[in-house]
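The values are calculated or read from the model by the stated rules, or taken from the named source; none is laboratory data. Computed from a predicted model, the values in this text were never measured in an experiment. Glycine also receives a Cβ, built like all others from the backbone with ideal geometry; neighbour counts cover every protein chain displayed. To get the accessible areas, we keep the full protein, side chains included, count just its heavy atoms, and leave off ligands, DNA and RNA. Shrake-Rupley method; radii C 1.70, N 1.55, O 1.52, S 1.80 Å.
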Amino acid sequence: MSWSFAENLSQQGIQFVIGVLIARVLSPSDYGMVGMLAIFTAISQTLINSGFSTAIVRKTDRTQTDLSTAFWFNMAVGLALYLILFLSGPLIARFYNVPLLSDLIKVTALTLILNSLCIVQQALFTIKMDFKTQAKISVTASLVTGITGVAMAYNGFGVWSIVWPGVAGGAVRCIMLWVSSKWRPDKVFSKRSFRELFSFGSKLLVSGLIDTLYNNIYPIIIGKKFSATDLGYYSRADGYSQLPATTITGVLQRVTFPMLCEIQDDMARLENVYRRLLRLSAFVVFPAMTGLAAIAEPLIRFMITDKWLMCVPYLQILCFSQMWYPIHAINLNLLQVKGRSDLFLKLEIIKKILGVTTLVIAVPFGIMWMCVGRIATSLLGLTINTYYTGKLIHVGFFRQMGDLTPTLLLSLLNGAAVLGVTSLVDNTALQVAAGLITGIAVYVTAAYIFKFKELEFILETFKIKRRV
């Protein structure tokens, strides 16, 4: 977990800093154009994976034939999808009425081929729980992406400063995974292996497609109904709101999935570990999101200048939607551990129907209400997720809420304290500094006074690491 956390924190930190530097130069419309293409690359990446990566990790009796079959399938799909997007460029540009998109998609889609070549290698590192190697590769690729992006942005390349660096970083990541991994595919494709992997992965594939379509339906509607500039504001707000939640959740999911698969038949142990994961993720993510909402305005003003202030209210609202993301993810992770990809798919369909309904109602009232609708959708989805979790290991909605309520109340109190302190300061930089210091001090002190077990666990883990 330490190595995985180091990887995610370093990678997200580098991307965050680089993103700030680039956003100070580029315009909201530049980010809006890239946001218009996000759905096409996201859907393609989901199709490339096809749930095979998760299926490989979960399958304890995997063979060389299984791995080779997955590799050749992924590569073929990657090449086919790139060709489709390459030829579809003019149609995409016409749909949004932005001619430049035709050229942008041809470059952006190159990452699909690169990613398809190294999915199996990364899955094997995950199976071995070798997150140290993955951390080194990810951080190196992020540095290449960031340095390339900043250099291009400050030399006047405009929107291309977002597109080409992603390709450069993807190429470095692919090469390093191949060099670091001893595994190589055989010249074999087994129909039997494909059917076994696809029988589990196909449901995750459909679930992933539904989730990808839903997550990108907001950029589609905003880009089509409003403007590239409006989409740029929304994309920045959405990106910043996702940062704390996805970083922590990504670590927990990657590390705990192979571990939970090993103890999936020990119900008592599985339930205990599962509840600890929920409490630990909430203990870190909840205060981060309420604190981010509280200092959103001075933070945006300080980082990326006043030209981005329109994204502040979007960011504040989305923080209260994203704070529940780790709880969603861990609940869904359990379904995969228990092999219930059928329930996983069923849940995705139900939740997305609710989400689209909420979106349709909110669109006429503007982007602000679309963001509010995401909070409602998140809470409804949480209720549905926890219902099925309760069926599997008897840790349902009320038990989970009982575990999380103390952390939620403390986080809201922490956010109010940060908001109060920042309102007393005039200087933007001092507002950000005062907010961060106050948030950390108030939260840690209160957690210590009320003897939160999660704080004790983190401190004890740190002591153990230092002794080692």
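For segment 97-114, a residue qualifies if it is out of contact with any Ser or Thr (no Cβ under 7 Å at 6 or more places or on another chain) and either open to solvent by less than 10 Å² (accessible area, probe 1.4 Å) or closer than 18 Å to Ser68 by Cβ (or both), and the qualifying residues are Leu101, Leu104, Ile105. Here Leu143 meets the list (1) open to solvent by less than 30 Å² (accessible area, probe 1.4 Å); (2) touching a residue at least 40 places away in the same chain (Cβ under 8 Å); (3) assigned to a helix (DSSP H, G or I) almost entirely, failing just condition (1). Of everything in segment 434-444 that is β-branched (Val, Ile, Thr) and under 27 Å from the mean Cα position of the chain (by Cα), the residue that is least open to solvent (accessible area, probe 1.4 Å) is Val444. Residue count for segment 165-180, restricted to those that are over 18 Å from Gly78 (Cα atoms) and crowded, with 18+ Cβ neighbours inside 10 Å: 2. Of the residues Ile353, Ile375, the single one that is of a type outside the set (Phe, Trp, Tyr) and in contact with a helix residue (DSSP H, G or I) (Cβ under 9 Å, 6 or more places away or on another chain) is Ile375. When residues in segment 329-385 are screened for being of a type in the set (Val, Ile, Thr) and within 22 Å of Thr54 (Cα to Cα), 3 of them pass. In segment 30-71, the qualifying residues are those that are within 23 Å of Cys261 (Cα to Cα) and acidic (Asp, Glu), and the one that is surrounded by the fewest Cβ atoms within 10 Å (Cβ to Cβ) is Asp61. Run down Ala268, Ala282, Ala288, Ala228 and say which single residue is farther than 28 Å from Ser202 by Cβ, open to solvent by 20 Å² or more (accessible area, probe 1.4 Å) and touching a Ser or Thr at 6+ places or on another chain (Cβ under 6 Å). One residue alone meets the criteria, Ala228. Inspection of segment 336-353 identifies no residue that is open to solvent by 40 Å² or more (accessible area, probe 1.4 Å) and under 16 Å from Ile221 (Cα atoms).
Within segment 394-409, being buried (at least 18 other Cβ atoms within 10 Å of the Cβ) and assigned to a helix (DSSP H, G or I) holds for Gln400, Leu404, Thr407.
Pairing residues of segment 353-372 that are hydroxyl-bearing (Ser, Thr, Tyr) with residues that are part of a helix (DSSP H, G or I), at Cβ distances under 6 Å and at least 6 apart in sequence or on separate chains, gives Thr358/Gly373; Thr358/Ala376; Thr358/Thr377. Please tell me if Ile127 is surrounded by 15 or more Cβ atoms within 10 Å (Cβ to Cβ), in contact with a Pro (Cβ under 7 Å, 6 or more places away or on another chain) and closer than 30 Å to Thr60 by Cα. Yes; evaluated as a whole, the condition is true for this residue. Quick one: how many residues across segment 355-383 are more than 12 Å from Ile221 (Cβ to Cβ) and open to solvent by less than 50 Å² (accessible area, probe 1.4 Å)? The qualifying residues number 10. Can we say Thr108 is within 20 Å of the chain's Cα centre (by Cα) and closer than 22 Å to Ala80 by Cα? Spelling it out, Thr108 is indeed within 20 Å of the chain's Cα centre (by Cα) and closer than 22 Å to Ala80 by Cα.
Determine whether Arg184 is among the charged types (D, E, K, R), assigned to a helix (DSSP H, G or I) and open to solvent by 20 Å² or more (accessible area, probe 1.4 Å). No: the conditions fail for Arg184. Scanning segment 300-332 for residues that are among the polar types (S, T, N, Q), surrounded by fewer than 22 Cβ atoms within 10 Å (Cβ to Cβ) and under 21 Å from the mean Cα position of the chain (by Cα) yields one hit, Gln316.
Every residue, every condition in (1) within 24 Å of Asp306 (Cα to Cα); (2) open to solvent by less than 30 Å² (accessible area, probe 1.4 Å); (3) of a type in the set (A, V, I, L, M), yes or no:
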{"residue": "Ser411", "(1), (2), (3)": "no, yes, no"}
{"residue": "Val418", "(1), (2), (3)": "yes, yes, yes"}
{"residue": "Asp426", "(1), (2), (3)": "yes, no, no"}
{"residue": "Val432", "(1), (2), (3)": "yes, yes, yes"}
{"residue": "Ala446", "(1), (2), (3)": "no, yes, yes"}
{"residue": "Phe452", "(1), (2), (3)": "no, yes, no"}
{"residue": "Glu456", "(1), (2), (3)": "no, no, no"}
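If the condition is being more than 12 Å from Ile18 (Cα to Cα), assigned to a helix (DSSP H, G or I) and either out of contact with any Ser or Thr (no Cβ under 6 Å at 6 or more places or on another chain) or β-branched (Val, Ile, Thr) (or both), then segment 146-177 contributes Trp160, Val163, Trp164, Val167, Ala171, Val172, Arg173, Cys174, Ile175, Met176, Leu177.
Listed by first and then second residue, the pairs linking a residue in segment 257-277 that is under 11 Å from Lys338 (Cα atoms) to a residue that is aromatic (Phe, Trp, Tyr), with Cβ atoms under 8 Å apart and 6 or more places separating them unless they lie on different chains, are Leu260/Tyr274.
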